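Just so it is clear, none of the values below were taken in a lab; they were calculated from the coordinates. Keep in mind that what you see is a predicted model, and the values were worked out from it rather than measured. In this analysis, Cβ positions are derived from the backbone assuming ideal geometry, glycine residues included, and neighbour counts consider all displayed protein chains.
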DNA sequence: GCATATTTGTCCGTATGTATA
DNA sequence: CTATACATACGGACAAATATG
């Protein structure tokens, strides 16, 4: 999925993850990406080149190449002669992210009249994983599972490019959640919704599933935007 | 919105050239991007680091930063220890690109029940520009106008991120056209279709417009894929 | 408002590893 | 198989801009 490299896997459309990641910069970018979506570096924090090279054991040039990639993914923002900072989304960004999600998720679901079996299975697996995490009160994994659910929904489109874009959008959405540290109440209510959507999809009613997802996204966006604007005014 | 870097203007679909572009790497990337969509470097051609630094007057480090960006945009492909090559799309890529375009364009058009006036104007302007170019038999500008038309259609979504993704998809599509050097017969028949779509949109029938666009994309994909597979078998 | 310290932006040289003639 | 060419990655250098006192 992040394998932007060799030509071989592009032709197959398959994602190769096992072989060691090609270049050092890509490796570093992947590492930082993980740290960013895990919330290791809080949104808005500046990332010092010097310190990070030291920490990661790479040269400044290599680190800067990784920075560029993550800036392009909007996980980092770059300010001339000031350095790079962890992305700090605003309520406008939240709205835009949901616009993008509607664009990516709804058509994929609605048009899934004869979906690939494997793709549907992935959707169901994400639902299961989320419910299991809720049982264990593992809120972090619950959030991850919820994200994976939406990734799987977009995956119904069977397009490598759409998938890639979706994963970027979701990564940025993780930043949004880190801005307002409260995964539990923002994910928990939606698990049942996910279950319902998967059931409708699996039972051959993609349009019904899409309608459910549409209202899901509406309410989710409302909840996030109101919480966000409240926080922005407080600051 | 926190201006990431240069991306603020991509949201408007407009390219900002007057304000000094922030970093050298971004500048080089933009320059190469233009050259690539203009077909200066033919698909598949290897780009020598040494020669390009010389040509562009930048260091290898800076050039490599630019390369990473363009690899992420799929305009270049990177092979370990071999260098970067201009993207050489296959028929599978063409199919995937059209999947992405359907995802981005159709919902934007279909949901444009109360579109922003400016957005509709941009669609119309692209249609006019295409027809004018056809009059002058300026096939290259005709192709550009056609691309701008589809960018404007996606722009109806009013989402910066959707717009950005769309421009990437279209840039890659330019590569496809360069693989089979024949812009005239691939763009000319579709200008009338564009006009019809804009008329339907402007007259308040976005669903009708979307239906037109759907068949447009179907026939366009068919034409390209058949031409492409024929070319692949020939080689 | 000013002088200083810090950090980034960019370049160059070089050692190592890989692919190709 | 050897040799050559090239990409990879590192570290150091200096100028320019910013942050700090």
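Data overview
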item	result
Single match in B:184, B:161 (criterion: surrounded by fewer than 17 Cβ atoms within 10 Å (Cβ to Cβ), in a helix (DSSP H, G or I) and in contact with a helix residue (DSSP H, G or I) (Cβ under 6 Å, 6 or more places away or on another chain))	B:184
Any hit, segment B:214-221, residues being over 17 Å from the mean Cα position of the chain (by Cα) and within 14 Å of chain A (Cβ to nearest Cβ)	yes
Residue that is nearest to DNA strand D (Cβ to nearest atom) [pool: residues in segment A:47-59 that are in contact with a helix residue (DSSP H, G or I) (Cβ under 7 Å, 6 or more places away or on another chain) and more than 13 Å from residue A:29 (Cα to Cα)]	A:59
Tally, over segment A:111-127, of residues that are over 21 Å from the mean Cα position of the chain (by Cα) and either within 11 Å of chain B (Cβ to nearest Cβ) or under 11 Å from residue A:153 (Cα atoms) (or both)	3
Which numbered condition residue B:147 misses (of (1) in contact with a helix residue (DSSP H, G or I) (Cβ under 8 Å, 6 or more places away or on another chain); (2) surrounded by 19 or more Cβ atoms within 10 Å (Cβ to Cβ); (3) in contact (Cβ under 8 Å) with a residue 40 or more places away in the chain)	(3)
Matching residues in segment A:26-43 - criterion: being out of contact with any strand residue (DSSP E or B) (no Cβ under 6 Å at 6 or more places or on another chain) and either away from DNA strand C (no atom under 16 Å from the Cβ) or farther than 11 Å from residue A:70 by Cα (or both)	A:27, A:30, A:31, A:33, A:34, A:35, A:36, A:37, A:38, A:39, A:40, A:42
Residues of segment B:50-62 satisfying the condition of being more than 11 Å from every other protein chain (Cβ to nearest Cβ) and part of a helix (DSSP H, G or I)	B:50, B:51, B:52, B:53, B:54, B:55, B:56
Condition met for residue B:47 (more than 9 Å from chain A (Cβ to nearest Cβ) and within 16 Å of DNA strand C (Cβ to nearest atom))	yes
Subset of segment A:153-182 [over 11 Å from the mean Cα position of the chain (by Cα) and farther than 20 Å from residue A:88 by Cα]	A:153, A:154, A:155, A:156, A:157, A:158, A:159, A:160, A:161, A:162
Any chance residue A:100 is on the phi < 0 side of the Ramachandran plot, touching a residue at least 12 places away in the same chain (Cβ under 8 Å), assigned to a loop (DSSP other than H, G, I, E, B) and within 14 Å of chain B (Cβ to nearest Cβ)	no
Subset of segment A:124-144 [farther than 20 Å from residue A:172 by Cβ and touching a residue at least 60 places away in the same chain (Cβ under 8 Å)]	A:124, A:127, A:130, A:131
Members of segment B:75-94 that are at the interface with chain A (Cβ under 7 Å from one of its Cβ atoms), more than 16 Å from DNA strand C (Cβ to nearest atom) and not in a helix (DSSP H, G or I)	B:90
Qualifying residue in segment B:203-212 (condition: surrounded by fewer than 20 Cβ atoms within 10 Å (Cβ to Cβ), at positive phi and within 14 Å of another protein chain (Cβ to nearest Cβ))	no
